[in-house]
1. Looking only at residues that are of a type in the set (Val, Ile, Thr) and closer than 22 Å to MET286 by Cβ in the stretch 235-259, which one is surrounded by the most Cβ atoms within 10 Å (Cβ to Cβ)?
2. Which one of GLY287, GLY341, GLY309 is farther than 20 Å from ASP245 by Cβ, open to solvent by 10 Å² or more (accessible area, probe 1.4 Å), out of contact with any Pro (no Cβ under 7 Å at 6 or more places or on another chain) and in contact (Cβ under 8 Å) with a residue 12 or more places away in the chain?
3. Take the residues in the stretch 203-223 that are part of a loop (DSSP other than H, G, I, E, B) and open to solvent by less than 50 Å² (accessible area, probe 1.4 Å), then tell me which one is nearest to ARG28 (Cα to Cα).
4. Tell me whether the stretch 2-21 contains one or more residues that are under 25 Å from the mean Cα position of the chain (by Cα), within 22 Å of SER179 (Cα to Cα) and not in a strand (DSSP E or B).
5. Going through LEU30, LEU46 one at a time, which residue ends up being under 30 Å from LEU106 (Cβ atoms) and in contact (Cβ under 8 Å) with a residue 60 or more places away in the chain?
6. Any residue at all in the stretch 269-288 that's in a strand (DSSP E or B) and of a type outside the set (Lys, Arg)?
7. For ILE83, state whether it is open to solvent by less than 10 Å² (accessible area, probe 1.4 Å) and in a strand (DSSP E or B).
8. Can you name the residue in the stretch 353-409 that is open to solvent by 40 Å² or more (accessible area, probe 1.4 Å) and basic (Lys, Arg) and, of all such residues, is nearest to ARG338 (Cα to Cα)?
Amino acid sequence: MSQYKVKTVHHPLNCTVEVPGSKSITNRALLMAALSDGECTLHSVLFSDDSRHFLTSLIALGYVIEVNEVDKYVLIHGKGRQIPKKEAAIDVGSAGTAARFLTAMLALSDGAYTIQASEQMKKRPMLPLFEALTSMGAEFTFLEKPGHLPVQVKGAAFGGKKPADKVQVDISESTQFLSALLMVAPMLENGLKIHITSRKTDGSYIRITTKMMHQFGCNVVHEGSLYAIAPAERYMPGTYQIEPDVSAACYFYAAAALTGGHVIVKNVHSTSMQGDMKFIDVLKQMGCAVTEEREGICVTGPKDGVYSGVDIDMNDFSDQTMTLAALAPFAQTPTYIRNIGHIRLQESDRIHAIVTELTRLGIEVKEEESAILIYPGTVKPGIVSTYDDHRMAMAFALLGIRAEGIVIDNCECCRKTFEDYFKVLDRVLA
């Protein structure tokens, strides 16, 4: 386990930063390319633990893939509705996207497969997806804990069967369950109608999914709690450009707020489809100025890093909860982050992790079931536990930009999505 000591700065940070491609878009593009009817080339691909697990899983399933990590592209020979190997074992690691998306893909196939996962992924919720896929005709054998990975799956089309073309799913624990069902719908000859049974029926990541499906040639009709994909819809091969990761960009934008400096993240523009763009609006509320430059969006922090706290519903861009929590101790007024109960079920119980670490560093925090109230205070030196959660590691490093003596434990966990994060941060702080 390695540690990273954050370098405190006493001047405005003024810099231009480049971040890797989006994990969410990369892993969706890999799935759609595999299910397309021919050769697809993906550019600006993210290479990280999560995306490598996705790629090695596709290779284990028999797909022919050319990977170039230097030039950041992947060429996939799509096989349409057919998975090349009818029997295989895959390992999705800790990648929630790979776990949910590939489970759905294999569950609608005519093959039999084993899906392994990391200890962290074994704990994450999957039951609503398993139940939905079982209702469509898939058969699951749970190898350890019921409702969780690892599993053996026999596809709903195994032995010439016809998978059901209607399904219900609850997405209150994760919108990835719906994204998975949507993206594999073109595998079905009769299309698919999905009825959402939870109060939540939409979300920023679902909108990324449906927009990308459209870009790959497949249309989704959405009305209220119903999503429908017509029988004729198929993914078309071609080339696809992956956006920079806005989630990663936000850490550097937050550094501008902390120091009163200005930060440009290359190629992040207001046209981005990623939900974490909403965090830039939160920074505006806190007193930052935002401009669109030719190179990318520029965030300029308020003079001397003096800003107000906010009261904000972060349900739709909850990956930035940790980032806002790291800004909150230095604000002039308290910060209240609402409607984030689902982040207890992610890489860690993120609400509990935030409360525990800020309290240990001398900050007063009130924990609710689905909200956090953070009071301004003086951050004490200390070692931050990261709970093997990449977002805790990356976001809580921001504390050390303003407060002396902050050390991030197990900093390597950020390999999940941004393996060079601390090298990039070093360059920015230098």
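The values are calculated or read from the model by the stated rules, or taken from the named source; none is laboratory data. Since we're looking at a predicted model, the values are computed, not measured. Cβ coordinates were reconstructed from backbone atoms using ideal geometry, including for glycine residues, and neighbour counts include every protein chain displayed. Note: areas computed on protein heavy atoms with side chains; ligands, DNA, RNA excluded. Shrake-Rupley method; radii C 1.70, N 1.55, O 1.52, S 1.80 Å.
1. The first filter runs over the stretch 235-259 and keeps only residues of a type in the set (Val, Ile, Thr), leaving 239, 242, 246, 259.
Add one more test, that the residue is closer than 22 Å to MET286 by Cβ, and what stays is 246, 259.
Values: VAL246: 27, THR259: 21.
Among residues in the stretch 235-259 that are of a type in the set (Val, Ile, Thr) and closer than 22 Å to MET286 by Cβ, the one surrounded by the most Cβ atoms within 10 Å (Cβ to Cβ) is VAL246.
2. Unique residue meeting the criteria: GLY341.
3. If we filter the stretch 203-223 for residues that are part of a loop (DSSP other than H, G, I, E, B), which is where we start, we get 203, 216-220.
With open to solvent by less than 50 Å² (accessible area, probe 1.4 Å) added as a condition, the list becomes 203, 216-218, 220.
Numbers: GLY203: 16, PHE216: 11, GLY217: 14, CYS218: 13, VAL220: 15 Å.
The extreme case among them is PHE216.
4. Scanning the stretch 2-21 turns up no residue that is under 25 Å from the mean Cα position of the chain (by Cα), within 22 Å of SER179 (Cα to Cα) and not in a strand (DSSP E or B).
5. On the way: LEU30 fails: in contact (Cβ under 8 Å) with a residue 60 or more places away in the chain.
Of the residues listed, the single one that is under 30 Å from LEU106 (Cβ atoms) and in contact (Cβ under 8 Å) with a residue 60 or more places away in the chain is LEU46.
6. Looking only at the stretch 269-288, we keep the residues that are in a strand (DSSP E or B), and these are none.
No - not one qualifying residue is present in the stretch 269-288.
7. Values: open to solvent by less than 10 Å² (accessible area, probe 1.4 Å): yes; in a strand (DSSP E or B): no.
Answer is no for this residue.
8. The extreme case among them is LYS366.
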